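*Asks:* Sharing a structure below in C-alpha cells format, with a few things to ask.
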Amino acid sequence: MKLYPNCKINIGLRVVRKREDGYHDLETIFYPVYGLYDELEVVPSEDFAFVQDGLTVDCSPTDNLIYKTYVRMRERYPQIGNVTIKFKKNIPFGAGLGGGSSDAAHMAIALNDIFELGLTPQQLAQEVRPLGADCPFFIYNTPCYAEGIGDELSPIDLDLSGLRLIMIKPACGVSTKEAYSGIKPKGCSNLCQVTQDRLKLFAVAENDFEETVFAVHPELAAIKKRLLDAGALYAAMSGSGSTIFGLFECDAEGATHADLRLLNEEFASMIIFNDTLGKTQA
C-alpha cells in the first residue's frame, strides 16, 4: 500500500494559556496542503524492514514517528504482522509543516487497511494522539479549527482553492522549545468566528510565535515582509516555523495578480512549494 503523507499550514496561531501539565492551550486553523508530501509504502513481509530515502531525517529510525506508530499499534493489535516500510522524506523537518505527524497518521491508516483492523477515523485519531498533538488532524486531513494542545478538532468550511501558495523554507530550523521560549499567552481570540470568510480571517489571523522567533531569526521577518510587498493577501509563519508562506490571488488562468517572477528568482533555493491550491477533501 502506498500513501502520500501531505503537509499543512497554520492560518493564525494563538497561544491561549499555559496549562498545569506544562503544555499550552492553542487556537489555530490547520489547512491541508496536498501538493507537498512524503512517500510511504507499507507491505506485509516475512521480516520487518524500514528503508529511508530522501531528505536526511534528524533522528534514528527507531525514533521516527513511523516506526513508533508501528510499534505502538502492534502492541495493541496482535493481528498486525511484520511489514516492509519504504519511506521517502520530501517535507522538510523543523519547518512547522507537520510532516512527521502526517507520516505517523498515514502509517496508522495503512496498518488499519492492510490488517483489516476496522478502526474508524475517530478511533485512529485516538491511536495517534499520544504520538503528537497534530497527528489526529492528518487522519481527517480536512480544514479544521484546533483547540487544546492542537488535538481538539472541529471541521470548518474554509476554502482557499484558487489561491496560489508559496512556501519558503530557509536553512535555519526552529525547535518547538525555541519557539515557546519567552512566549506570553494572550487568552482566547475570535479566530473561530471568521473561518468562513477568508478575507476577514486573513485580517485577524496572527501567529503568536512570530514575535519570539523573529527576534532570534530576523531573516524570517524579512521573508514575510517580502511576500506581503509582492502582493500576498496573507503571509505568516506556519506553526512554530521556520517555513514562511504567502497566499496570492490568481486570475482565471492561474496567473497571480502580483508579479512573482522576481520573488521566485530571489528565493529560488528556498521555495519548497509554489502552486495553486485545489479543493480539499470533504
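*Asks:* Report yes if residue 97 is surrounded by fewer than 22 Cβ atoms within 10 Å (Cβ to Cβ) and at negative phi, otherwise no.
*Replies:* Answer is no for this residue.
*Asks:* Can you tell me which residue among 56, 28 is of a type outside the set (Lys, Arg) and exposed (fewer than 12 other Cβ atoms within 10 Å of the Cβ)?
*Replies:* Testing whether each residue is of a type outside the set (Lys, Arg) and exposed (fewer than 12 other Cβ atoms within 10 Å of the Cβ) leaves just 56.
*Asks:* If you don't mind, there's one more thing I want to ask. Is it true that residue 148 is farther than 25 Å from residue 250 by Cα and touching a residue at least 24 places away in the same chain (Cβ under 8 Å)?
*Replies:* When the stated conditions are applied, residue 148 passes them.
*Asks:* Name every residue in the stretch 123-158 that is assigned to a loop (DSSP other than H, G, I, E, B), under 13 Å from residue 106 (Cβ atoms) and of a type in the set (A, V, I, L, M), in order of residue number.
*Replies:* Correct list: empty.
*Asks:* So in the stretch 199-255, with the set limited to residues that are closer than 21 Å to residue 275 by Cβ and of a type in the set (Ser, Thr, Tyr), which one is surrounded by the most Cβ atoms within 10 Å (Cβ to Cβ)?
*Replies:* Ranking the candidates gives 243 first.
*Asks:* Identify, from the list 75, 27, 46, 41, the residue that is part of a loop (DSSP other than H, G, I, E, B) and not β-branched (Val, Ile, Thr).
*Replies:* It is 46.
*Asks:* Quick test for you: out of 124, 131, 117, pick the one residue that is assigned by TED's automatic domain parsing to the domain that holds residue 62, closer than 22 Å to residue 22 by Cβ, out of contact with any Asp or Glu (no Cβ under 9 Å at 6 or more places or on another chain) and of a type outside the set (Gly, Ala, Ser).
*Replies:* Answer to the check: 131.
*Asks:* Kindly evaluate residue 185 against the criterion of being within 26 Å of residue 94 (Cα to Cα) and surrounded by fewer than 18 Cβ atoms within 10 Å (Cβ to Cβ).
*Replies:* Here the answer is yes, as residue 185 does meet what is asked.
*Asks:* Among the residues of the stretch 1-25, count how many are out of contact with any helix residue (DSSP H, G or I) (no Cβ under 7 Å at 6 or more places or on another chain), hydrophobic (A, V, I, L, M, F, W, C) and within 22 Å of residue 169 (Cβ to Cβ).
*Replies:* Counting residues in the stretch 1-25 that are out of contact with any helix residue (DSSP H, G or I) (no Cβ under 7 Å at 6 or more places or on another chain), hydrophobic (A, V, I, L, M, F, W, C) and within 22 Å of residue 169 (Cβ to Cβ) gives 1.
*Asks:* Can you confirm whether residue 159 is touching a residue at least 12 places away in the same chain (Cβ under 8 Å) and acidic (Asp, Glu)?
*Replies:* yes
*Asks:* Here's another thing I want to ask about it. For residue 103, all conditions in the list (1) acidic (Asp, Glu); (2) modelled with pLDDT of 95 or more; (3) assigned to a loop (DSSP other than H, G, I, E, B) hold save one; what is the number of the exception?
*Replies:* (3)
*Asks:* Which members of the stretch 104-121 meet the condition of being over 11 Å from residue 43 (Cα atoms), of a type outside the set (D, E, K, R) and out of contact with any strand residue (DSSP E or B) (no Cβ under 7 Å at 6 or more places or on another chain)?
*Replies:* Result: 104, 105, 108, 112, 117, 118, 119, 120, 121.
*Asks:* Any residue in the stretch 121-144 that's of a type in the set (Lys, Arg): show its pairings with residues that are crowded, with 17+ Cβ neighbours inside 10 Å at Cβ separation under 7 Å, as long as the two are six or more apart or on different chains.
*Replies:* 129/135; 129/136; 129/151
*Asks:* State which residue pairs qualify: first residue under 30 Å from residue 166 (Cα atoms) and inside the stretch 36-65, second residue modelled with pLDDT of 95 or more and of a type in the set (Asp, Glu) in any location, beta carbons under 6 Å apart, and separation of 6 or more residues or different chains.
*Replies:* Once the first residue is under 30 Å from residue 166 (Cα atoms) and sits in the stretch 36-65, its partners that are modelled with pLDDT of 95 or more and of a type in the set (Asp, Glu) give 38/103; 65/103.
*Asks:* Considering only residues that are under 18 Å from residue 107 (Cα atoms) and among the charged types (D, E, K, R), which ones fall in the stretch 21-57?
*Replies:* Listed by number, the residues that qualify are 38, 39, 41, 47, 53.
*Asks:* Could we say that residue 63 is among the acidic types (Asp, Glu), under 30 Å from residue 159 (Cα atoms) and surrounded by fewer than 21 Cβ atoms within 10 Å (Cβ to Cβ) here?
*Replies:* The answer is no for residue 63.
The values are calculated or read from the model by the stated rules, or taken from the named source; none is laboratory data. All figures in this text were calculated on a predicted structure; none of them were measured in a lab. Neighbour counts run over all protein chains shown; Cβ positions are idealised from the backbone, glycine included.
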